Amino acid sequence: NSAALAAISQNIANVNTIGYKRSAAEFQTVVNSQTSGTGYSAGGVLASARHYTSQNGQLQRGSTSTDLGISGNGFFVVTDKAENVGVTDTRLFTRAGAFRVDNMGYLKNTAGLYLQGWPVDANGDIATDPSDLSRLRTINVGSVGGTAEATTRIQLNANLRSSQALSAAVQNGTYDPATNSMDMWNAETGTGVKADFELTVPVSDSKGGQRNIAISFLKSDVPNQWYAEVRAIPASDIESGAGLTNGQIKTGIVAFTQDGRLDTAAMQALGAAALFDDPSAAVLTFGGSNSGAPAAGEFKWAEGLGIAEQTLNFDLTAAAGGLTQYDSASVVQATLTNGTAFGNLTDVKIDERGFVTAIFDNGVMRRIAQVALATFPSPDNLIETTGNAFRVSQASGTFNLKAPGTGGAGLLGARQLEASTVDLSAEFTGMITTQRAYSAAAKIITTADEMLAELINIKR
């Protein structure tokens, strides 16, 4: 009964311990050898501890995004040190998921144990292994630096006014994209040709730097055709080959149908004279800063920028808009681009499948690891250790590592913590009955002593 009371007191002390599993003392009889006909020889009772490790506690709301609870089977794999964890180092298993980011960026719970998982490789893939603990790494969110994504796709939704009056340069035939172009326009000196309409597209480079590309339009004297020039702003951002000047990237004609839509067939017929000979596959490819001098009609990022090669895919024929020519004001309805400027880490999220995702202030999200869960054939036989954790025993069987939600492993609850499995009312009830049983057993000793004293008095 003293052992039973010790188990109850430990349960009550841990009623608010995250992930604690209650234990209880169970009794079994001890029978002495008896010889038939000689009377009864009293034996005794043996107390053994039973751990309810497989019993799941209720998930409760946590305070941070790194608070984790397990809904179902499985244990977090943890270690007592963050770095240089070798094959022979001890791995422990716990359900206490109150993890916080320490000063080195590692996820550590309140017992000082570090969370382990499968890291993301250079290709963004996660290689899981059900039996190899050496593949696990301590999850570190502090090592994630800033990130950026280069722009690869641009969708233009803009209209060019069909009734736009012809400019003087078009009427007198002085417009020339090589010698008297829209890129050369200078309002102060009057040089070059002023565009009828111009739009600017922001582009993120491989380092997250912001670049600007302008597209200028000038109505042609040929019905439903416009001259177009694409250039970099400023012109010093690029280096161009022969045939391109003043930051020009590409020049040509844009043709429209009589109902105002982009005329793909007409532009294909124009061939090299068109801005894009196939508007459905409009692509601009910038050479990297470290590439060689561009050939005729080609271009690259300026050497001083030190940025990588980049391909921009233009969507000019979007079903909901695209580039049109209607008799309304020339206007840009929308310019949609992917890619982002440089962003810093702002938050870390862990989903129900255990994927640890870094979130940046530029909207980029990047997976950095996946939490591993360990399951056992007999979790109730795991051996308790300090820090509300367990270690493998012969009776528990060997572990199996699984991704959350697979192979019988539970799902993770982000911002949730598993409550203790202790029922306080049941423990107080057990404490009362145990105390009564203890008193009764003590009374037996007192009574036996009185009987012995009476026997001695008879002798006297």
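The values are calculated or read from the model by the stated rules, or taken from the named source; none is laboratory data. Bear in mind the structure is a predicted one, so any value in this text is a computation, not a measurement. Here the Cβ is made from the backbone with ideal geometry for all residues, glycine too, and neighbour counts use every protein chain on show. These area figures cover heavy atoms from the full protein model, side chains too; ligands, DNA and RNA do not enter into them. Shrake-Rupley method; radii C 1.70, N 1.55, O 1.52, S 1.80 Å.
As a calculated quantity, the FRET efficiency between Thr179 and Asp351 at R0 = 45 Å, using C-beta atoms, amounts to about 0.15. Label zone of Gln60 (point 7 Å out along Cα→Cβ, amide N under 16 Å): in the range 399-423 this covers 415-423. Packing here is the average count of other Cβ atoms within 10 Å per residue, and on that basis the peptides 423-435, 155-167, highest first, run 155-167, 423-435. Carbon and sulfur together cover what percent of the accessible area of the range 153-293 at a 1.4 Å probe radius? Its accessible area is 48 percent carbon and sulfur atoms.
Compared with the alpha-carbon gap, the fully stretched path from Val87 to Ala165 is longer by 20.3 nm at 0.36 nm per residue.
Expected output is a single nm value to one decimal: the length gained when fully extending between Ala302 and Ala6, i.e. 0.36 nm times separation in residues minus the C-alpha distance. What is it? Let's see the in-between values first.
On the way: separation 296, 0.36 × 296 = 106.56 nm, distance 7.60 nm.
Roughly 99.0 nm would be gained on extension.
Placing a label point 7 Å from the Cα of Glu309 along the Cα-to-Cβ line, the residues of the range 151-166 whose backbone N sits under 20 Å from it are 151-154. Straight-distance candidates among the lysines for linking to Lys108, with alpha-carbon spacing under 22 Å and chain neighbours fewer than 8 residues away dropped: Lys21, Lys81, Lys349, Lys402.
Quick one: which of 380-391, 188-199, 109-120 comes out on top by average Cβ neighbours within 10 Å, and what's the full order, highest first?
Details: 380-391: 17.1, 188-199: 15.2, 109-120: 21.3.
Ranked from most to least packed, the peptides come out as 109-120, 380-391, 188-199.
Note on Ile233 and Thr245: the model spin-label points, each 7 Å out from Cα along the C-beta direction, lie 2.1 nm apart. To the nearest Å, what is the center-to-center distance of the range 391-460 and the range 313-373, using C-alpha atoms only? Comparing the Cα centres of the range 391-460 and the range 313-373, I get a distance of 56 Å.
When only C-alpha pairs under 8 Å and at least 6 residues apart count, what is the relative contact order of the chain, in percent? Don't skip to the answer; put the middle values down first.
On the way: 1071 pairs, mean separation 105.9, N = 460.
So the answer I get is 23 percent.
Computed over the Cα atoms of the chain, the ratio of the radius of gyration to the Kirkwood radius (Rg/Rh) comes to 1.33.
Just from its helices, what would the mean residue ellipticity at 222 nm be for the chain, if runs of 4 or more DSSP H residues each count -39500 (n - 2.57) and the sum is divided by every residue, rounded to the nearest 500 deg cm²/dmol? Intermediate values should be presented prior to the final figure.
Working: 4 runs with 59 residues, N = 460.
For the chain, the value works out to -4000 deg cm²/dmol.
Between Gln28 and Arg100, the contour length at 0.36 nm per residue exceeds the alpha carbon distance by 21.6 nm. Please name whichever of Ala122, Leu373, Ala42 sits farthest to the positive end of the charge dipole of the chain, dipole taken about the Cα centre and charges placed at Cβ: Lys and Arg +1, Asp and Glu -1. Comparing the listed Cα positions along the dipole, Ala42 ranks first. Peptides 449-458, 47-56 ranked from most to least packed, by the mean per-residue count of other Cβ atoms within 10 Å: 47-56, 449-458.
What does the accessible area of Tyr326 come to, in Å² to the nearest 10, when a probe of 1.4 Å is used? For Tyr326, solvent-accessible area is about 90 Å².
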